[in-house]
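Student: One structure follows; several queries about it will come next.
The values are calculated or read from the model by the stated rules, or taken from the named source; none is laboratory data. Because the structure is a prediction, the values reported are computed rather than measured. So basically every Cβ, Gly included, is an ideal-geometry build from the backbone, and we count neighbours across all protein chains shown. The accessibility values were calculated without ligands, DNA or RNA, using every heavy atom of the protein model including side chains. Shrake-Rupley method; radii C 1.70, N 1.55, O 1.52, S 1.80 Å.
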2 protein chains.
Amino acid sequence: MDSVERQASAARVKQVASALEEEIVLGWLQPRERLIEEDIASRFEVKRHVVREAIAELERMGLVERVQNKGAAVRMLSPTEVGQIYSVREALETLAAQQIPLPPRPETISALTKIQGQHAAAVERGDSRAAFRANMAFHNALFGACGNPHLVEIIQSLAQKVHGARSYTAASPVHLARARDDHWAMIEALKASDREKLVQLCREHLSPSRDTYIASLEQRFGKAG
Amino acid sequence: MDSVERQASAARVKQVASALEEEIVLGWLQPRERLIEEDIASRFEVKRHVVREAIAELERMGLVERVQNKGAAVRMLSPTEVGQIYSVREALETLAAQQIPLPPRPETISALTKIQGQHAAAVERGDSRAAFRANMAFHNALFGACGNPHLVEIIQSLAQKVHGARSYTAASPVHLARARDDHWAMIEALKASDREKLVQLCREHLSPSRDTYIASLEQRFGKAG
DNA sequence: TTCGACGTTATTGTTGACAATCCTGATAAC
DNA sequence: GTTATCAGGATTGTCAACAATAACGTCGAA
């Protein structure tokens, strides 16, 4: 093991991609901001080649837009698009929630509880970066319990698509706290095998960030945006 | 215009990717068969670079599997996986069918009719390649009418995932004829604004290829497959 | 002063060569 | 006869230099 450098490049690509994803989600990279390949390469100490693939990945995820000979820029989602994506998310996450076997396996509960502990801690100390990660982990674990990995994969990819739209809420203490409470409530619903409650929670969990994003966008660019 | 060579590479990548997709779907490339980058490069008269990206695309679509330093091979889907994917497809295509505005716009009907004419013609003359293309176009046009491009995109990607599993049915005259009849029936349901019928048709349209694939697989490898 | 042509620079796209890795088959030892 | 070892070839992964392109600023003319 000669340290970090000897990783498979595929791993490095994912590493760079998710690092960039985080920066976009947390708002460190603003919409319309360009992603310069060489800059990123030197910043992460990888070859441009790797950055290229990472950006291609981000493009596939819909976080970034690319045009010939002009490079990539973080993508700006229109309110319409965000609304459409959320409506699909709602349908799919509802579907997944309905398929989670109740009562859940004990491991599911313990895993969720553990992750949510980390999430709550991150929210407590205002660490939006850690909160973001824990939040993703929570949803993966939750929907992962539905037993259909392909459904989970789609839910994940949809969540990633609107990650870019979340820079407005990802750092907001109010929203983070609300998400935390929602998560605990979901765990309770699972424990109680209360499917109706669980589905309802999942559905309503989505609204805040969608509404906040759309509202802030309309405020900035006018209702026509 | 200096001929085909002057295309943007992005376009060539997609071209190669969909050409390979076709070959996989039509069974010209068997499961487990390896995809040699240089071979493909020379076959399509593009650089290896382009092939690489195309294969990455196929990997993302789930048609192909890649391992470090060993390259890509067309992926073999287990019956379980196929079942899972189809169950998500069913949910999503049902959802989309429910969202198609009824009565549909005249353009929708005419577009579908035109595409289906091509499909029927292809089926008639046993041109499975053209039938495959027309089939894809039909479903895109149909679900595209639901008005949510993101939903359509997901439906498309799921269809692509099981394309590999379709090599068993894609060339079968019986299945092609059945698909053709289903399509005509869907158009009729649209014309009649019969939502219930439409949704039912979409749902049942999926079963044959799934069942055929699973059956053939279990026959080949035993129920344990 | 403003507009447009032009050259410069920053950035991306492409290429071929090289390095690393894995598979195959042959040879030799047990 | 079987297994272990090790070349040789085939294939993928990495790289750095080069070409192509678009953004930018400058200069000159109306």
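Student: Exactly one condition in (1) within 16 Å of the chain's Cα centre (by Cα); (2) within 14 Å of another protein chain (Cβ to nearest Cβ); (3) aliphatic (A, V, I, L, M); (4) closer than 26 Å to B:Glu196 by Cβ is false for B:Ala179; which is it?
Tutor: Here B:Ala179 meets the rest and fails (2).
Student: Can I ask one more? Please go through (1) within 14 Å of chain B (Cβ to nearest Cβ); (2) more than 26 Å from A:Asn135 (Cβ to Cβ); (3) surrounded by 14 or more Cβ atoms within 10 Å (Cβ to Cβ); (4) out of contact with any strand residue (DSSP E or B) (no Cβ under 9 Å at 6 or more places or on another chain) for A:Gly71 and return the number of the only condition it doesn't satisfy.
Tutor: (4)
Student: Just to verify a result, which residue in region B:65-79, among those that are among the aliphatic types (A, V, I, L, M) and over 26 Å from B:Ser207 (Cβ atoms), is farthest from DNA strand C (Cβ to nearest atom)?
Tutor: Keep residues of region B:65-79 that are among the aliphatic types (A, V, I, L, M), which gives B:67, B:72-74, B:76-77.
Add one more test, that the residue is over 26 Å from B:Ser207 (Cβ atoms), and what stays is B:67, B:72-73.
Numbers: B:Val67: 8, B:Ala72: 13, B:Ala73: 11 Å.
In this case the residue turns out to be B:Ala72.
Student: Could you please find all residues in region B:44-63 being more than 16 Å from DNA strand C (Cβ to nearest atom) and either open to solvent by less than 20 Å² (accessible area, probe 1.4 Å) or out of contact with any strand residue (DSSP E or B) (no Cβ under 8 Å at 6 or more places or on another chain) (or both)?
Tutor: B:Leu58, B:Arg60, B:Met61, B:Gly62, B:Leu63, listed by residue number.
Student: Whether any residue in region A:157-172 is within 14 Å of another protein chain (Cβ to nearest Cβ), open to solvent by 40 Å² or more (accessible area, probe 1.4 Å) and either modelled with pLDDT of 95 or more or not in a helix (DSSP H, G or I) (or both) is what I want to check.
Tutor: Looking through region A:157-172, none of the residues is within 14 Å of another protein chain (Cβ to nearest Cβ), open to solvent by 40 Å² or more (accessible area, probe 1.4 Å) and either modelled with pLDDT of 95 or more or not in a helix (DSSP H, G or I) (or both).
Student: With the structure loaded, tell me whether A:Leu95 is open to solvent by less than 70 Å² (accessible area, probe 1.4 Å) and within 18 Å of A:Glu188 (Cβ to Cβ) or whether it fails that test.
Tutor: Criteria not met by A:Leu95.
Student: Moving to a separate point now. For the structure I just gave you, tell me whether A:Ala145 is in contact with a Pro (Cβ under 8 Å, 6 or more places away or on another chain), of a type in the set (A, V, I, L, M) and open to solvent by 20 Å² or more (accessible area, probe 1.4 Å).
Tutor: Yes, satisfied.
Student: Could you say whether any residue in region B:117-124 is in the same structural domain as B:Asp181 (by TED's automatic domain parsing), open to solvent by less than 50 Å² (accessible area, probe 1.4 Å), within 24 Å of A:Arg89 (Cβ to Cβ) and in a helix (DSSP H, G or I)?
Tutor: The first filter runs over region B:117-124 and keeps only residues in the same structural domain as B:Asp181 (by TED's automatic domain parsing), leaving B:117-124.
Applying the additional criterion that residues be open to solvent by less than 50 Å² (accessible area, probe 1.4 Å) yields B:117, B:119-123.
When the remaining residues are screened for being within 24 Å of A:Arg89 (Cβ to Cβ), the result is none.
Taking every residue of region B:117-124 in turn, none turns out to be in the same structural domain as B:Asp181 (by TED's automatic domain parsing), open to solvent by less than 50 Å² (accessible area, probe 1.4 Å), within 24 Å of A:Arg89 (Cβ to Cβ) and in a helix (DSSP H, G or I).
Student: For B:Arg125, indicate whether it is of a type in the set (Lys, Arg) and touching a residue at least 60 places away in the same chain (Cβ under 8 Å).
Tutor: Considered against the rule, which asks whether it is of a type in the set (Lys, Arg) and touching a residue at least 60 places away in the same chain (Cβ under 8 Å), B:Arg125 comes out as no.
Student: Within region A:21-36, is there a residue that is farther than 27 Å from A:Thr212 by Cα and of a type outside the set (Ser, Thr, Tyr)? I'd like the intermediate steps shown before the answer.
Tutor: So the first thing to find is which residues in region A:21-36 are farther than 27 Å from A:Thr212 by Cα, and the list is A:36.
Filter once more, keeping what is of a type outside the set (Ser, Thr, Tyr): A:36.
Yes, some residue in region A:21-36 is farther than 27 Å from A:Thr212 by Cα and of a type outside the set (Ser, Thr, Tyr).
Student: Just checking, how many residues over region A:1-23 are modelled with pLDDT of 85 or more and either within 14 Å of chain B (Cβ to nearest Cβ) or within 15 Å of DNA strand C (Cβ to nearest atom) (or both)?
Tutor: Summing the residues that are modelled with pLDDT of 85 or more and either within 14 Å of chain B (Cβ to nearest Cβ) or within 15 Å of DNA strand C (Cβ to nearest atom) (or both) in region A:1-23 gives 7.
Student: Tell me which residues, restricted to region B:55-92, are within 11 Å of DNA strand D (Cβ to nearest atom) and among the charged types (D, E, K, R).
Tutor: B:Glu59, B:Arg66, B:Lys70
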